[in-house]
Every structure is written in C-alpha cells, then in structure tokens.
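> Handing you this structure, nothing more for now.
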Amino acid sequence: MARPHIEPFVDRSIDFKRFTLPGFSKGMHYKMLSVDNGTGACTMTVKYETGYKQPPGMSYTEVEILLMSGTIKYGKETFRPGHYLHIPPGVAMPEMKVSRAATVLMMYNFAEPSFVESDEHHRLAMPGQLTSVNAYDDIQWQPSSGAIYPAVAPGCMLKVLKYDPLTEALSFLYCMTPKFWQDNISYHDSAEEAYHIWGTSHMMQFGELPTGGYFWRPEYINHGSFSSELGILAFGRTDSKLHNYFHWNPWTSPEENRERAAAQLARHRPQLFNWTKSPDGHNHPHDFEYPDAKDNTHYI
Ligand SMILES: [Fe+2]
C-alpha cells in the first residue's frame, strides 16, 4: 500500500510524541510526516534530547537522516547541522551520543523503523553504499539540469545526496533563490516528498508551504506554478526517476497525466512500448543483469 497524498502539511502544527518502538533508546521524540500503512515505511521529524545515547547497532531497512539542528557524536565524528547519512540495511552504526539537543529529518524508506544492537555489519550488508557528508558545507549547488531533465527554472538548484543506479531514485537538497518563479505545471512518474528546512514557497494548487512544511505527493499529480518571495532550503526525495512532464492545463487528472506519459513513451521508444504491452506476458520483463530485482524495488 502506498503512502497517501499529504499536502500541504506543517510539522509546526503538531506536538512531538515519545518514540517507544522496541530497540530504540529513551529520549527520542517524533512527528510522523507520512507513513505507508502496509510496510511501515515512514518519514518523521525526530528530536533527540541532550544526552540521548544509542549503542552500536543496525537497522533492517535503509535509513536516511539529515541533521537540521544540534550536535551529534557519531563514533569518533561530530556531526553538525547539514550532515546527511544514508545507511543501507544491515550496515553497523557506531555509538551515537547527542551532545546538544538535535532535530533530524529521518526516513525509513522500505519498512518500519528497526534497531538492533550490533557492533558488526549484517552478513548481507553493503557498507560501501554508506554515505556520510555535510551537505551544507561539503557539496556545491548545481543547476537542476545537472541531475533532472527537463530541468526546472534556473533559480532552483540541487545538491544530489543519493542516486540509486537501478531505480534512478534521488535524494537531494534543493533551494529556491529569492523571487524564484516557475509558471508551468509539472507531474512525475515517481512519488516525491519534500521538507522545508527554511523558507516559504507558494504552489498554485496547495498554497503556502512554510518552514517545517512537508508533502508526500504520489505520482501523476499536477503541481505548479510555484514561486518563493525570499527563497527556501529544502530536502527532497523520489522513489524512482524524477522526470518533469511539463504542461499548461491545470484541470487534468492523474489518470489523464498517466495516459499522456504513456503516449510520450510510445513516441519515444515505440519498439519497447509495443513489446511490453503485447499480451505474451512481456509486462513483467526479466533483467539478466539484475535477476533478483522486482518491479519498483531497491537493489540492496
Ligand atoms: Fe515535483
């Protein structure tokens, strides 16, 4: 079951709750931003109390974390705001101590949050896939055209944090410059979620999204035009390729948008399109390079 459309949502409008799932230490509080009721996959704003301690351990599912305020000691390192972690499933994390009350954006992308104490990786883990970087200080902004085509208007820039080569799913920081505007309408084949770390933008369909604003937007939903008076800093994530289907009709439905996307595919790749829609079972293609990968699954 996919996550429902949530837009706009502002986490400042609700209180933190105690996070009490088994395995996690006391002193963790959360605001649920979106959840898949079938798998337990979710995105949360999480607040750690000063002095919070987590022993070395691992999660059974992929975790992404963006530190937004406070200071976290993570093994021998000290993380400051802007630090981003992509922890693949089963990859051992060192001891974590919160030396100054910290707020993070936390994403469990494929299953419910889990934590088990361990000082070694799971035997199937892929530690080489770990990403640990301060996204504010150590990555340059790039035009969106460097990662997304067709690109959004020039005042919206990106820092790519995670790119999945099998699904083309992306995680990224993005910003809008002051007085940014884009006057067309877009939709994608992917679901997308975003969280406003700072700043307010305006979307024609959904109104203002301020600091603490969040959306989970399923595929093929119209969004745009949009603008920002003073600019924004935000985190975004998709679950597959982020392709901008631009158009100018605000009244189309998700079903019409999907039809239009399929018509584009038929024009761009007619041989492949016709083969996959033929009645001989071709709509479940087999990939000899990734024989275990199923539709819409991650490669780790
Ligand atoms: Fe979008």
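> Want the number for GLN264 to LYS26: 0.36 nm per residue separation, take away the alpha-carbon distance, what's left?
Contour length minus Cα-Cα distance gives 80.5 nm.
> Please give the FRET efficiency for GLU95 paired with ARG12, using the beta carbon to beta carbon distance and R0 = 30 Å, rounded to the nearest 0.05.
According to the calculation, E is roughly 0.45.
> Same structure, new question: Any idea what angle helix 254-268 forms with the longest principal axis of the chain, computed on alpha-carbon atoms, 0 to 90 degrees, nearest 10?
70
> Shifting gears a bit: Could you tell me the calculated FRET efficiency between TRP248 and TRP181, based on Cβ-Cβ distance and R0 = 25 angstrom, to the nearest 0.05?
My answer for the efficiency is 0.95.
> While we're looking at this one, here's another question. Can you put LYS162, LYS31, LYS277 in order, fewest other beta carbons within 10 Å first?
LYS277, LYS162, LYS31
> Related question: For each of THR43, THR103, THR131, count neighbouring Cβ atoms within 10 Å of the residue's Cβ, then give the residues from fewest to most.
THR131, THR103, THR43
> Run the paramagnetic zone check for THR211: 7 angstrom along Cα to Cβ, then residues of the stretch 77-95 with backbone nitrogen under 16 Å.
Those under the cut-off are 81-82.
> In the stretch 223-288, what chymotrypsin sites (Phe, Trp or Tyr not before Pro) fall in a loop by DSSP, with at most 11 other Cβ atoms inside 10 Å? Working shown, then result.
Working: sites: PHE226, PHE235, TYR245, PHE246, TRP248, TRP251, PHE273, TRP275, PHE288; in loops: TRP248, TRP251, PHE288.
Taking the stretch 223-288 and a limit of 11 other Cβ atoms within 10 Å, the loop chymotrypsin sites (Phe, Trp or Tyr not before Pro) found are TRP248, TRP251, PHE288.
> Go ahead and estimate [θ] at 222 nm for the chain from helices alone: -39,500 (n - 2.57) per DSSP H run with n ≥ 4, summed, over the residue count, rounded to 500.
-2000 deg cm²/dmol
> May I pose another question? State the Kirkwood hydrodynamic radius of the stretch 142-247 in Å, one decimal place, computed from all pairs of distinct Cα atoms.
One over the average 1/r among Cα pairs gives 13.6 Å for the stretch 142-247.
> So if each residue of separation counts as 0.36 nm, and I subtract the Cα-Cα distance between LEU272 and SER118, what length gain in nm does that give?
Taking LEU272 through SER118 to full extension adds about 50.8 nm, to one decimal.
> Within the stretch 201-300, list the GluC sites (Glu not before Pro) lying in a DSSP loop whose Cβ has at most 15 other Cβ atoms in a 10 Å radius.
GLU229, GLU289
> Shifting gears a bit: Based on the Kirkwood radius over alpha-carbon pairs, what is the Stokes-Einstein translational diffusion coefficient of the chain at 20 °C with 1.002 mPa s viscosity, in µm²/s? Display every interim value, and only then the final one.
On the way: Rh = 20.5 Å.
Taking Rh from Cα pairs, D becomes 105 µm²/s.
> A further question on this structure: Report, to one decimal in Å, the Kirkwood hydrodynamic radius for the stretch 102-181 based on all distinct Cα pairs.
Taking every pair of different Cα atoms in the stretch 102-181, averaging 1/r and inverting gives 15.6 Å.
Each value in this text was obtained by applying a stated rule to the coordinates, not by laboratory testing. Only a predicted model underlies this, so the values are computations on that prediction, with no experimental measurement involved. For neighbour counting, all protein chains shown are included, and Cβ atoms are generated from backbone atoms with ideal geometry for every residue, glycine included.
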